[in-house]
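Below is a structure I'd like to ask you about.
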Amino acid sequence: MGTVRTQVAIVGAGPAGLVLAHLLHLEGVRCVVLERHDRPYVEGRVRAGLLEQGTADLLRDSGAGERMDREGHVHEGFELRFDGERHRLSTMELCGRTVTMYGQQEVVKDLLRARTEAGAPPYFGVDDIVLDELTGDRATLRCTLGGTPTTVRADFVAGCDGFHGVTRRSVPGGHLTAYRKDYPFAWLGILAAAPPAGEELVYGVHDRGFALHSMRSATVSRLYLQVAPDQDLARWPDDRIWAELRTRLCPSGEPLNEGPVLQRGITSMRGFVAEPMQYGRLFLAGDAAHIVPPTGAKGLNLAVSDAAVLAGALASWYAGGNREPLDQYTRTCLRHVWQAQDFSARMTWLLHPHPGEDPMETRLRRARLRHLVGSRTAAASFAEDYAGLTRDPAAARRGADLAGRPSAAAGGRRGRAT
């Protein structure tokens with residue numbers, strides 16, 4: 001039986017867990033990262049790739065953004081197509097913010113490289129984690145590391161292991177309240193070996209359903225189609241997918257580059273929030289605590305935001321024993337989480353024809369779209385939410401909240417052991 005002692009045990013090597021580990025390392029706080037999957041699986045998971053400016057700035061400021069700056073694509077706006085018309089909204093002009101297209105799996109690779117260079121790579125293939133104690137003087141986990149049954153003793157546990165992970169399920173019944181919304185449609189997504197047809201994202205609203213044209217690189221495009229939630233992929237050969245994309249995205253003959261389909265899958269649409277995001281010495285972050293429909297691309301950005309808040313709170317505790325930021329972790333994060341849930345829900349309902357939608361509802365949606373592209377005030381409000389203006393993890397890490405006041409975690413010295 002082995003024993004590992006650390007300050008913070010992080011369960012999950014996705015964006016939330018790796019950003020947290022990276023930021024804690026910079027603050028001199030010791031941590032271990034435990035991941036149930038192997039490294040090729042973690043590095044190969046294709047997920048959303050829209051980074052809000054605050055997310056990109058945090059990666060850059062923390063030394064993990066060099067490849068992102070070299071290979072990512074900065075977008076100053078996006079295009080909205082409906083009723084055969086094209087409307088460009090400039091987030092840069094409307095709210096002074098950009099977004100960066102850089103795949104989540106690439107962010108993960110960069111952060112794993114940082115952990116390896118720091119001499120503390122995650123433990124992979126740890127699929128038997130049990131959380132034994134969360135409310136005592138220390139937190140205790142049991143698992144198998146390198147074939148040896150091991151007890152991990154930590155001051156705190158960060159649950160960054162996703163919606164289906166073990167950490168949230170380890171909280172005793174009655175201590176968390178779950179809020180959930182399931183949407184009556186899904187996305188069929190493909191990764192295609194085809195150059196993007198434009199320089200920015202294109203959101204298409206059509207009577208046959210929503211479509212999205214995105215990109216992963218100069219030679220690879222990411223595209224989505226609204227489908228029924230129980231849709232069978234076998235009913236969607238390549239020819240049908242491309243024909244439907246042309247219909248929904250190119251009603252006036254706009255260009256669309258086609259190529260071999262490299263990957264395809266169905267993404268469900270749901271919203272989920274667990275409150276509170278902490279229990280005893282356990283703190284939940286990212287998908288372990290909340291899920292958003294992918295329309296607004298907020299999942300990765302919320303995970304990074306959670307990690308930045310938690311890293312700052314832990315740094316404050318180890319620097320000077322200030323417990324208040326940890327106690328306020330749920331309250332701090334949920335302000336951003338519910339705002340992102342609201343925006344994602346509004347954007348989802350705005351862009352998707354709903355099953356059983358009557359003509360009145362269809363015209364009301366069109367009226368909202370017209371108002372969005374016709375009113376600078378409406379467009380500016382939308383752009384602020386889209387670009388994440390009110391949530392800036394980079395600013396929080398620099399020691400100031402959005403009003404410019406010092407944060408609770410500011411001014412501390414490097415972490416120390418307890």
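Considering each residue of the stretch 374-390, count those that are buried (at least 17 other Cβ atoms within 10 Å of the Cβ) and under 18 Å from Arg81 (Cβ atoms), and give that number.
4
Could I ask something else about it? Can you name every residue in the stretch 124-151 that is assigned to a loop (DSSP other than H, G, I, E, B) and either among the aromatic types (Phe, Trp, Tyr) or in contact with a Leu (Cβ under 8 Å, 6 or more places away or on another chain) (or both)?
Across the stretch 124-151, the qualifying residues are Phe124, Val126, Ile129, Leu134.
Hey, could you check the stretch 9-54 for residues that are among the acidic types (Asp, Glu) and in contact with a Phe, Trp or Tyr (Cβ under 7 Å, 6 or more places away or on another chain) and say which is modelled with the highest pLDDT?
Glu35
Here's a follow-up. Name every residue in the stretch 102-117 that is within 20 Å of Ser221 (Cβ to Cβ) and either among the basic types (Lys, Arg) or touching a Leu at 6+ places or on another chain (Cβ under 6 Å) (or both), in order of residue number.
Residues satisfying the conditions are Tyr102, Gln104.
Quick check, is Leu134 within 30 Å of Glu275 (Cβ to Cβ) and touching a Phe, Trp or Tyr at 6+ places or on another chain (Cβ under 8 Å)?
Answer is yes for this residue.
Let me ask something else about it. When you look at Ala396, is it surrounded by 17 or more Cβ atoms within 10 Å (Cβ to Cβ), in a helix (DSSP H, G or I), of a type outside the set (Val, Ile, Thr) and at pLDDT 95 or above, yes or no?
no
I would also like to ask the following. Hey, does the stretch 108-123 have a residue that's assigned to a strand (DSSP E or B), surrounded by fewer than 21 Cβ atoms within 10 Å (Cβ to Cβ) and touching a residue at least 24 places away in the same chain (Cβ under 8 Å)?
yes
Sort out which residues of the stretch 301-346 are assigned to a helix (DSSP H, G or I) and polar (S, T, N, Q), and write them in order of number.
Listed by number, the residues that qualify are Asn301, Ser305, Ser316, Thr330, Thr332, Gln339, Gln341, Ser344.
Is there a residue being among the basic types (Lys, Arg), crowded, with 18+ Cβ neighbours inside 10 Å and part of a strand (DSSP E or B) anywhere in the stretch 242-263?
Checked the stretch 242-263: no residue is among the basic types (Lys, Arg), crowded, with 18+ Cβ neighbours inside 10 Å and part of a strand (DSSP E or B).
Something else: Determine whether Leu191 is surrounded by 18 or more Cβ atoms within 10 Å (Cβ to Cβ) and either under 30 Å from Glu76 (Cα atoms) or modelled with pLDDT under 95 (or both).
yes
Can I ask one more? Filter the stretch 157-188 down to the residues that are surrounded by 13 or more Cβ atoms within 10 Å (Cβ to Cβ) and polar (S, T, N, Q), then identify the one that is farthest from Ala21 (Cα to Cα).
Checking each candidate, the answer is Ser170.
In the stretch 24-45, what count of residues is obtained for those that are within 17 Å of the chain's Cα centre (by Cα) and not small (Gly, Ala, Ser)?
Result for the stretch 24-45: 3.
The values are calculated or read from the model by the stated rules, or taken from the named source; none is laboratory data. Computed from a predicted model, the values in this text were never measured in an experiment. Note: ideal-geometry Cβ built from the backbone for every residue, glycine included; neighbour counts use all protein chains shown.
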